[in-house]
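Worksheet: one structure, shown below.
The values are calculated or read from the model by the stated rules, or taken from the named source; none is laboratory data. Note that the coordinates shown come from a computational prediction; the quantities given were computed from them, not determined experimentally. Here the Cβ is made from the backbone with ideal geometry for all residues, glycine too, and neighbour counts use every protein chain on show. Surface accessibility is based on the protein's heavy atoms, side chains included, excluding ligands, DNA and RNA. Shrake-Rupley method; radii C 1.70, N 1.55, O 1.52, S 1.80 Å.
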Amino acid sequence: MLSDLLIRLRGLFRRNAVENELDNELRFHFDQQVTKFVQSGLPLAEARRRARLLIGGSDQIKEECRDARGTHFLETLANDIRYGLRMLRKSPGFTVVAVLILALGIGASTAIFSVVEAVLLRPLPFKDPSRLVDVWMKNTKHDVRQGITSYPEFLDWKKQNNLFASMAVYRETHGATLSGVSNPVRLHGAVVSPGFFEVLGVNPLLGRTFLPDEDLGGKADVVVLSQELWRTHFQSDPNITGKSAVIGGKPYTIVGVMPGSFQFPILAEPIEIWVPLAAYDGSMPTHRGNQIYSVIARLRPGISIAQASSQIDSIETRLALQYPNTHTPGDGAYVSPLLPDLVNGTQDALLVLFGAVTVVLLIACANVANLILARAVGRSREFAIRRALGAGRARLVQQLLTESVLLAALAGAFGLLLGYWTIQALVSLGPRDIPRIVAVHVDSYVFAFTLTLTLLTSVLFGFAPALRAARSDLANSLKDRLPAGMGKGGTRLRESLIICEVALSLIMLPAAGLLLRTLWHLTNVNAGFDPNQVLTFSVELPSAYNDPRTTAFYSELLPRLRALPGVEQVSAVFPLPFSGNGITTDFVIQGRPSDPASPTAADLCVAGRDYFRTMHISLLRGREFEERDGGAGKSVAIVNQAFTKLYFPNEDPLGKRIQANVATSGTPSRMSEIIGVVANIKLASLREEPKPVVFVPIPQLPIGALSVIIRSGQTPGVLMPGVREQVHSIEPDSLVFRGKTLDQYLNVTLGQPRFMALLLSVFATLAIVLATVGLYGSVAYAVSQRTHEIGIRMALGAMPGTVLKLILGRSLKLALTGAALGLSGAFVLTRLMKSLLFGVSSSDPLTFIGTAILMASVAVVACYIPARSATRVDPIVALRNE
């Protein structure tokens, strides 16, 4: 076996030497046979003739010997590759165009697949990620899914279940400033329960994670750092564990550093520190109604998600009956896989993009197939001669497929390079709210995808033309002095490719049009306030500041900011619209019995004086806040139209009294009189329907996380130096951060729809350009093939208009057939995009009619130009050339 293998390898890699040995051996046998015939008395010439007849043709014997070596296929393939490269080099124009067209399709597909693979397909970098799940609150009666929970509720879930190996809670926090370093920095952190890292199955790079008793007051002042924070602000100190860091004005002991590959929660802004609940949230976890935590868990081996969901729902149903004051009828819980939950908001968008680039690639393949068909006509005599010399159809198909693979390989190499550049652009320009987008890169999976895609495309665009060329009429090809035409079969194939190109292009156009209209609607939606020329920022105050002192700070700061040059209005608020923060709570309406089945819920905003004037929010009834409101003065509230419509549908809300279910420093809020009604505003998303909102003055509900808003008549950014000067003049140890315009916050919400609309528009444009080029090339080729016919028609008296109608009619018929198929496919595709649309239906007739007219116009132009040139054919020249 080994000797046979060595012989075959020698025949493959030392082919010339083996061929020389074979020639010498055949010559030896021939000479020996000639010598025997001469010794028997035959003349030398007759002896040679008989020896040739006896031994046979040397070429046939060589072929048999090569087949016996088992390397014939590889040798043939090597010959085909060398010949294919020569043919591609002889047609540089065809090669460049085909490679460019395919490289665009392969590069775009590679880039989008890399995003899909990193976001949707790549397993989470945790131990046994398939067993990681989220645990959510639900209430089908009130359409609540993926509801977060309270810490006491979580403890009950953890105690009463037996299907989870471990459970933990976490929440994101922005309110931590690292001080005591050269440049104080605002940290993005996560508050977690002990066991959080054990649930995920990740070990620290240095030190340890949290111990069970570090969730208790007095023992919880510990922190775990990310590797990036450890590197940038602690100079990668290998002895960092046990040292102290001042975070939020409070000393913490650093107990560990997580590896750079670890991130959880997986967010656009990476987590830099992890802190135990008791250290950051203090007494807040003891309130059952304080639902601010997300829950993750690890299933025990062999336990299904359905089993875990059933048990956790039963536990929550019992808790709802046990604690009716903090639950509503219908409360339950369920379990869902972790990875789908993480990508839930982007899955549809990425799959639509991947479908779009697949369409572009198919159009590119159809274009190249048409080019190869046209080129095959010019090589018809070559193919006929090959077949006449003994090449079978299978051998001819193999040669042509080898050329297609070479063409696709060149395109794949350039496509991979183009995909790499496109990936860099996608990561830098893509919206930050796509999970794990920063992890997108060309890895082994992406390389394998590109390699597979290259092989598939070579078959897609190469097989049909190769099969058609192998079936060409041998006799006619050899008799024709000029290249033979495609024939009926070739014409049908070319026309089928054109129909497919037009159909695929028109599938994408309505989708891109709907996304562009969605972006237009979102851009022009009325948010209820004017974001132009508004600067926002936040202030981190030292930990010694209590609620009254914080209120006094802002009472002194806001008048100073009003005195800055160019400032028109100043106020403060929490939460700032579109900042990602918010408070939703229940309210009690005086004189009405509370109904647990239908709670009076609304978003709560803490606002300063002049807030509505600063934001240009319309006051519809009553008055705004005044200096005397809140604090020791009168407790008041302002509600929006949605609150009035929902809870006071047929009565005047002014003078009514409501009380929020919130507390500050352990003191419950007071009953507040409604003094005004304002227009609806959007707080979290431009897509949201108007929700009930209640505004209370800052002294009435002191909160340290206020955002200051300044409306200015000049560019807002130039105010920041003066802002910092005024802040530090009151409190030198404060930190001004998150200085952004309100427009920037709005642009973040538009990031994903803008990104989707841009990419799909680019792909749709690329598709229609490729289809137009293909249609133009097909009509131009048809004209060139019918030059003789056109010359005869015109010589017999045919008018140019008749010739134009003849050429244009058939071409437009193909385009209209493709358009009809494309519109049908687009109608199905756009129905899958409902979650991505806003302000427009998935079957919007205006978009479909507009894109159909656009495609028809492009098709007419693409067909008219070569058809028009056909009317200018000189009959004498055409007939003389024939």
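How high is the FRET efficiency between Lys645 and Ser244 when r is their beta carbon distance and R₀ equals 51 Å, given to the nearest 0.05?
0.40
Counting only protein heavy atoms and a 1.4 Å probe, tell me what percentage of region 199-267's accessible area is made up of carbon and sulfur.
Numbers: 1680 of 3110 Å².
Whole-percent figure for carbon plus sulfur exposure: 54.
With Cα atoms as the point set, region 500-623 shows a radius of gyration and Dmax of 22.2, 71 Å.
Kirkwood hydrodynamic radius of region 195-342, from the reciprocal of the average inverse Cα-Cα distance over all distinct pairs: 17.7 Å.
The Cα atoms of region 89-231 cover 80, 53, 30 Å along the three principal axes, with the biggest extent listed first. Spin-label pair Asp31-Ser496: with each label point 7 Å from Cα along the Cα-Cβ axis, the two points sit 5.9 nm from one another.
Convert 20 °C to kelvin, take the viscosity as 1.002 mPa s, use the Kirkwood radius over C-alpha pairs of region 305-358 as Rh, and evaluate the Stokes-Einstein diffusion coefficient in µm²/s, rounded to a whole number.
Numbers: Rh = 13.7 Å.
Translational D for this selection: 156 µm²/s.
The slack in the chain from Arg831 to Arg86, taken as 0.36 nm per residue of separation less the alpha-carbon distance, amounts to 263.3 nm.
Model label points for Ser784 and Asp652, set 7 angstrom from Cα along the Cα-to-Cβ axis, are 8.5 nm apart. Pairs exceeding 30 Å between alpha-carbon atoms, taken from Lys682/Lys740; Lys127/Lys740; Lys158/Lys682; Lys656/Lys691: Lys127/Lys740; Lys158/Lys682.
Two decimals is fine: what's Rg over Rh for region 725-768, C-alpha atoms, Kirkwood radius as Rh? With Rh from the inverse mean 1/r over Cα pairs, Rg/Rh is 1.44. A 1.4 Å probe run over region 492-560, with the rest of the protein chains in place, finds 38 Å² accessible per residue.
Cα-based values for region 639-707, radius of gyration first and Dmax second, are 13.4, 37 Å.
Using per-residue counts of other Cβ atoms within 10 Å, averaged over each peptide, order 412-419, 316-323 from highest down.
Details: 412-419: 21.1, 316-323: 15.8.
My ranking of the peptides, most packed first, is 412-419, 316-323.
Note on region 692-842: with neighbouring protein chains present and a 1.4 Å probe, carbon and sulfur make up 65 percent of its accessible heavy-atom surface. Starting from the Cα gyration tensor of region 486-537, take the square roots of the eigenvalues, sort them a ≥ b ≥ c, and report rounded, prolate or oblate (rounded when a/c is under 1.5, otherwise prolate if a/b is larger than b/c, else oblate). It comes out prolate by the Cα gyration axes. Using the alpha carbons alone, the radius of gyration of region 83-165 stands to its Kirkwood radius in an Rg to Rh ratio of 1.42.
Subtracting the Cα-Cα distance of Thr140 and Asp733 from 0.36 nm times their residue separation leaves 208.6 nm of extension gain.
Based on the Cβ-Cβ distance of Leu351 and Glu556, what FRET efficiency does E = 1/(1 + (r/R0)^6) give at R0 = 30 Å, to the nearest 0.05? Don't skip to the end; give the middle numbers.
Numbers: r = 53 Å, r/R0 = 1.78.
After rounding to 0.05, the efficiency reads 0.05.
Placing a label point 7 Å from the Cα of Gln291 along the Cα-to-Cβ direction, the residues of region 568-597 whose backbone N falls under 15 Å of that point are 583-587, 596-597. Full extension of the chain between Asn344 and Phe463 yields a length gain of 38.9 nm, computed as 0.36 nm times the residue separation minus the alpha carbon distance.
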